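Just so you know, all these numbers are worked out from the coordinates, no wet-lab data involved. Quick caveat, the model's predicted, so the values are computed rather than measured. Cβ coordinates were reconstructed from backbone atoms using ideal geometry, including for glycine residues, and neighbour counts include every protein chain displayed.
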Amino acid sequence: MSWLKNDLDIKKQANNLGVNFWQAPSFLFLLLGFTVAFIMTAVFIVSRESITMQQLIIAEFLVVAVILSIGNILIVNMENLAKVNKSKSEFISVISHQLKTPITGISWDIELLISKYGEGLSQKQREILENMEVSNKVTSKMVGDLLDVARIDQNNLFTGKEELDIVKIIEKVLAKNEVLGRNNKIKVKFLVDDNMPKIIGDNKKTEVVLDNLISNAIKYNRDGGSVFVNVRKDGKKAVISIKDTGIGIPKGDQDMIFHKFFRSENAATKEVDGTGLGLYIAKNVIEKSGGKVWFHSVEGEGSVFSVSLPLA
Ligand code: ADP
């Protein structure tokens, strides 16, 4: 029933879509329905009196004209919305592309300063540079995520099909998350089936997805908690599962978890930084690579996120 209440809240719908009240789809549908019902009733009443064939045809034309006019307004509005949505994705894509170059430049300069001139710096200067490096990495990840979201929205996401050593990729991601794990006092364990075959996927994007799932398992954990990363062979697929002993996802939020920008309330109250884009990107990348992403979670106990990818 809540969907009906939502659909009938025309003012809210118009506000959400940024259109006038009379341009809201629900208003136009209601108008269409009432107009058709009114004209049909009028034709029925009039036809009980004496009505000529000519008058009946004119009435029919009138009904069709009204339906077509309202239908046309609906289509034009939808087209406008689709155009605005497309230019928004293009805007995000252009801005993210433009931001990538200066961000990479800053990262190189900081690395150069630390590696080449680090000796001459005081402890405080070094710390400042390291903080700048961390902030720059966060910005770079956000820009990368926005670029991926724009690609997904424009149906333009490309994923390579290379032979990959999944164990090596996970080891790299675990090394990247070592500091985060240490800061949050999380124990991370990695278990692999012996002789794990290679998988087929996109090197960089698979790394980004696993980085997101593993960093989530650390971020949304409790102090002193654990993360278990496991890779196994399951028929023609490799299954990677990431289990944590963290805050879990409330049942009511579980349907929304792969939606763009969605963040659970318990994650927000934990004051963990995030954009709600990682899982949306993960689902799209993995499905495009011929795999699947799923999860099981109990609030207050923890979550297990799993990814399957085709074996080579
Ligand atoms: P972000 O972490 O940047 O917010 P994600 O798309 O990776 O974005 O995750 C979306 C939301 O899903 C998170 O904000 C959090 O509410 C929830 N979530 C993801 N992973 C976990 C996890 N391992 N444990 C609990 N909640 C999680």
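Per residue, what volume in Å³ does the Cα convex hull of the stretch 1-156 take up? List each step's numbers first, then the result.
Details: hull volume 25.2 nm³, N = 156.
Convex hull volume per residue, Cα atoms: 161 Å³.
Okay, helix-only estimate at 222 nm for the chain: each DSSP H run of n ≥ 4 adds -39500 (n - 2.57), divide by all residues, round to 500 deg cm²/dmol; what do you get?
The helix contribution divided over the chain gives -20000 deg cm²/dmol.
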If all Cα-Cα distances of the stretch 14-61 are sorted into 5 Å bins from 0 onward, what percent lands in each bin, rounded to whole numbers? 5, 19, 18, 15, 11, 10, 9, 7, 4, 2
I need the semi-axes of the equivalent ellipsoid of the stretch 162-310: take the C-alpha gyration tensor, multiply each eigenvalue by 5, square-root it, list largest first in whole angstrom. 24, 17, 13
Nearest 10 degrees, 0 to 90: helix 25-48 Cα axis against the chain principal axis: 20 degrees
For the chain, go through all pairs of different Cα atoms, get the mean of 1/r, take its inverse, and jot down that Kirkwood value in Å. 23.8 Å
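In the stretch 89-132, how does Rg compare with the Kirkwood Rh, expressed as the Rg/Rh ratio over alpha carbon atoms?
On the way: Rg = 14.5 Å, Rh = 11.9 Å.
Ratio of gyration radius to Kirkwood radius: 1.22.
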Roughly what would the spin-label model give for Trp294 and Asp234, points 7 Å off Cα along C-beta, in nm? 0.7 nm
On a full-extension model of 0.36 nm per residue, what is the gain between Ser140 and Lys83, subtracting their alpha-carbon distance, rounded to one decimal in nm? 17.7 nm
The ratio Rg/Rh over the Cα atoms of the stretch 128-239, Rh being the Kirkwood inverse mean 1/r radius, stands at 1.00
I'd like the orientation of helix 123-153 relative to the chain: the angle between its Cα long axis and the longest Cα principal axis, in ° from 0 to 90, rounded to 10. 30 degrees
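Provide the gained length on full extension for the span Thr35 to Ser115, in nm with one decimal, where the gain is 0.36 nm per separating residue minus the Cα-Cα distance.
Taking Thr35 through Ser115 to full extension adds about 21.4 nm, to one decimal.
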Distance in nm between pseudo-label sites at Glu287 and Asn203 (7 Å out along the Cβ direction from Cα): 2.8 nm
Which whole-number percent is the relative contact order of the chain (Cα, under 8 Å, 6+ apart)? 13 percent
Taking Cα atoms, how many degrees apart are the long axis of helix 278-288 and the longest axis of the chain, rounded to 10 and kept between 0 and 90? 80 degrees
